[in-house]
1. Quick check: residue separation of Asn42 and Asp14 times 0.36 nm, minus the Cα distance between them. What number comes out in nm?
2. Quick one: Cα convex hull volume of segment 90-135, Å³ per residue?
3. How many nm is it between the label spots at Glu99 and Tyr74, if each spot is 7 Å from the Cα in line with the beta carbon?
4. Binned at 10 Å from 0, what are the whole-percent values of the Cα-Cα distance distribution for the chain, short to long?
5. Quick one: what are the phi-derived ³J(HN,Hα) couplings along segment 51-62, Karplus 6.51/-1.76/1.60 with θ = phi - 60°, whole Hz, x for glycine and proline?
6. Hey, what do the phi angles of segment 140-149 turn into as Karplus ³J(HN,Hα) couplings, whole Hz, using 6.51/-1.76/1.60 and θ = phi - 60°, x for Gly and Pro?
7. Assuming R0 = 22 Å, can you tell me the calculated FRET efficiency for the pair Gln125 and Glu91, based on Cβ-Cβ distance, to the nearest 0.05?
8. Arranged from highest to lowest average of other beta-carbon atoms within 10 Å per residue, in what order do the peptides 96-105, 141-150 appear?
Amino acid sequence: MPGPSPKRMEPTRDYPLFGGAFSATLPPGAIDVSDLRPVPNNQEVFCHSVTDQSLIVELLELQAHVQGEEAARYHFEDVGGVQEARAVQVETVQPLSLENLALRDYCQEAWVLSGKQQVAKENQQVAKDVTVHQALLRLPQYETDLLLTFNQPPPDNRSSLSPENLSLLPWSLGNFEQLVTSLTLHDPDIFGPQ
């Protein structure tokens, strides 16, 4: 007997993250992956209800040994290693204007990186080129690197194209940008005693 189907979310202005310590605007059709399987405590993971796209918000230890653009590259390569990517390729790295961020008062620097990683899904041999967009928000006063990742695998020909799914478009870079800029801190206690 199948379990309850995951809740499909409409675009939400202040979706609570990390038990309400943060909130952000999620794109249409986002499904909270923690409703489907265990997710590490330092991550919030959302998947698109039709495509294989995913969004991840991670609280990571500040990597003080890398600065500026190199910090963004470090995290991109680290994620590639965790995912056992067969190849990682950085395409662009750019500074992100702090004035557009809800976290501007806490963030010392921010970077946006786009690249590709060749990754095989669980239980599959064939690796696919996944376009990866990452935003790195550095919060040194909390000894935290906040990493937001938007994974865009190539379209799957087997995607179900039923009429109700056709109305739900794939997520765009604009959706990711809205997530990044709307991310708001409500409870600094999430970082532990300061």
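Any read-out appearing in this document is the output of simple, stated calculations on the displayed coordinates, not a laboratory observation. All values derive from a computational prediction rather than experimental measurement. Cβ: placed from backbone, ideal geometry, glycine included. Neighbour counts: every protein chain shown.
1. Numbers: separation 28, 0.36 × 28 = 10.08 nm, distance 1.91 nm.
Value of the extension gain: 8.2 nm.
2. Details: hull volume 3.9 nm³, N = 46.
Cα convex hull per residue, to the nearest whole number: 86 Å³.
3. Label-label distance for Glu99 and Tyr74, simple model: 2.9 nm.
4. Going from the shortest bin to the longest, the percentages are 8, 35, 38, 16, 3, 0.
5. Coupling constants for segment 51-62: 7, 8, 5, 9, 10, 10, 10, 10, 9, 10, 5, 4 Hz.
6. Along segment 140-149, the couplings run x, 5, 10, 6, 10, 9, 9, 10, 10, 10 Hz.
7. Values: r = 26 Å, r/R0 = 1.18.
Efficiency at R0 = 22 Å is approximately 0.30.
8. Details: 96-105: 13.8, 141-150: 19.7.
Result, highest mean first: 141-150, 96-105.
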